[in-house]
Amino acid sequence: MKNEMDKTIIENHSRRRFLGAGSAALAAVAVTGLTADAQERANIRKAEHDHSSSNPGQENKTILDENPNSNMPPPTDSGDTVPIWYSFDLTKKRVEEGGWTHQVTEREFPSSRDIAGVNMRLTAGSFRELHWHTADEWAYVLYGSARVTVMNPDGSMFIEDVSEGDLWVFPAGYPHSIQGLGPDGTEFLLVFPQGSFSEDGTFLLSEWVAHTPPEVLRKNFGLDDAALAKLPTGALYIFPGELPGTLDRDKTQIGKALENRLQYTFKMKSMLPTKATSGGEVRIVDSRNFPVSRNIAAGLVTIKPGGMRELHWHPTSSEWQFYVAGKGRMTVFTPVGNARTMDYNANDVGYVPAVAGHYVENTGDTDLVFLELFASDLFQDVSLNNWLRHLPAEVVAQHLNLDAGSIKKIPEEKQVVLK
Ligand code: MN
Ligand code: MN
């Protein structure tokens, strides 16, 4: 079906080039439909195109099948953009007893200088060791449930349980922990507003202890030598543990240190949509509705089959995307005349340079779900339709050669997702 569509586009495009050759007779054909002669010439042109794109040499069929829009770009693609596609499924998994992690950072995906992403799994009871790091941490739970803690510098302790579709934010330098809960632990996406971030370069409790003179630890902790001898001598990072008791039991144990002003978790998937249309919906979480999220703004976008995230751009930030489910394609437009189209599947990462025009189209037969992430306190986008309809009609008419009636057909309000 998709290929048929592409063929039609290619044929239409060939026809346009044909007309560009300057035949008045063929220009008339464009209005009245193709004459037999023109149809024959179009067929020849298509046969030439098919032969030009043939590949008698080697092919990695699996990769080609995943990327039809890269292998056979729409004729409107031109020039080149920075890399706009990567996948967690191309990265090395660091597997430990208790879970695993892998990451897409500036090292794997050089165009993404503003954001790095980490995908992590913890089995039931297993810990991501107590740690802290140089960037804020924004997380979206993809599977199962977890118990998280974070301590404010004033000593107040936040603790909460999260499950699929929830998110958390831990500010840079704030110490935190994550533990997989029953029945089967958790998996989550971590996002850091720092392209060079590495999940292997965090500050671990175990390593600090291992690299501090014992006499200093004795003074600091007030422990005797027998207790000091039990401390870990190397990194724990991810390790198996006992399933915790109830959240209420843990809160009681924390007692008066329990944080009761700031909320570090948010139910993103179950919030009411920020905008819903017949084509899908978007849920936006930024510092306006989740005050601790000062450096990451996010949109959770669901596009129904046949729907499309409208032509738009973001005025201040580059966009880092994680594809949660379904199949889609995106074209990114940058000057001068550059356009690149790529296909996206679950577990892929997309990138859009700041202010570059783009759309995301559902090309599958199930919902396309993805996260749009920005290293910013605010989610902001500019809708092309919105702009065209809020200008005086005469201005648009003279740019696009459209009459007033046609301009009125363009959706006036920002739809975000179109059917
Ligand atoms: Mn962390
Ligand atoms: Mn966007």
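Quick note: the coordinates plus some simple rules give every number you see, no bench work behind them. What you see is a predicted model, and the numbers here were worked out from it, not measured in a lab. Cβ placement follows ideal geometry from the backbone for every residue including glycine, while neighbour counts extend to all protein chains displayed.
Could you state the angle between the C-alpha long axis of helix 2-20 and the longest principal axis of the C-alpha atoms of the chain, as a value from 0 to 90 degrees rounded to the nearest 10? Result, in degrees: 50. Which of VAL349, VAL118, VAL336 ends up with the largest GNM mean-square fluctuation for the chain, with Cα atoms connected below 10 Å? Evaluated over the chain, the most mobile residue of the options is VAL336. Where the alpha-carbon atoms of the range 91-266 are placed on the principal axes, they occupy 50, 36, 31 Å, in descending order. Above 12 Å, the calculated P(r) of the range 184-229 contains 73 percent of its Cα-Cα pairs.
Over the range 107-179, the ratio between the Cα radius of gyration and 2.2 N^0.38 Å evaluates to 1.17.
Choose one answer from PRO175, PRO193, PRO75: the residue with the largest mean-square fluctuation in a GNM of the chain with alpha-carbon springs under 10 Å. Per the Cα network of the chain with a 10 Å cutoff, PRO75 tops the list.
With a cut-off of 19 Å on the backbone N, the residues of the range 232-247 near the modelled label site 7 Å out from VAL216 along Cα-Cβ are 232-236. Each principal axis of the range 204-311 carries a Cα extent, and these read 67, 31, 28 Å when sorted largest first. When only alpha carbons are used to place a centre, the range 306-375 and the range 80-133 end up 20 Å from one another. The length gained by stretching the chain between VAL382 and LYS409 to full extension, at 0.36 nm per residue less their Cα-Cα distance, is 7.8 nm. For the chain, the mean residue ellipticity at 222 nm estimated from helices alone is -6500 deg cm²/dmol, where every DSSP H run of n ≥ 4 contributes -39500 (n - 2.57) and the total is divided by all residues, rounded to the nearest 500.
Applying the Kirkwood pairwise sum to the alpha-carbon positions of the range 242-286 produces a hydrodynamic radius of 14.0 angstrom. When the chain is treated as a GNM with alpha-carbon contacts under 10 Å, the residue of LYS230, LYS275, LYS93 showing the greatest mean-square fluctuation is LYS230. With neighbours defined as other Cβ atoms within 10 Å of a residue's Cβ, the residues ILE303, ILE410 order from fewest to most as ILE410, ILE303. With r as the distance between the Cβ atoms of LEU228 and TRP100 and R0 = 35 Å, compute the FRET efficiency 1/(1 + (r/R0)^6) and round to 0.05. So the FRET efficiency works out to roughly 0.65. Using the Cβ-Cβ distance between TYR143 and ASN60 with R0 = 25 Å, the FRET efficiency computed as 1/(1 + (r/R0)^6) comes to roughly 0.25. Taking the C-alpha atoms only, the angle from helix 36-52 to the longest principal axis of the chain is near 40 degrees.
As a proxy for reagent exposure, ranking TYR143, TYR174, TYR86 by other Cβ atoms within 10 Å from fewest up yields TYR143, TYR174, TYR86. Normalised radius of gyration (Cα atoms, divided by 2.2 N^0.38 Å) for the chain: 1.21. Computed from the C-beta positions of ALA393 and LEU272 and an R0 of 41 Å, the FRET efficiency is 0.75 to the nearest 0.05.
Residue separation times 0.36 nm, minus the C-alpha to C-alpha distance between ARG288 and THR134: what's the value?
Values: separation 154, 0.36 × 154 = 55.44 nm, distance 2.37 nm.
Residue separation times 0.36 nm, minus the Cα-Cα distance, leaves 53.1 nm.
Listed cross-link partners LYS46/LYS327; LYS251/LYS275; LYS219/LYS256 are compared with a 31 Å cut-off, the Cα-Cα value being larger for LYS251/LYS275. Kirkwood hydrodynamic radius of the range 271-418, from the reciprocal of the average inverse Cα-Cα distance over all distinct pairs: 16.0 Å.
The ranking of ILE254, ILE63 by Cβ neighbour count inside 10 Å, starting from the fewest, reads ILE63, ILE254.
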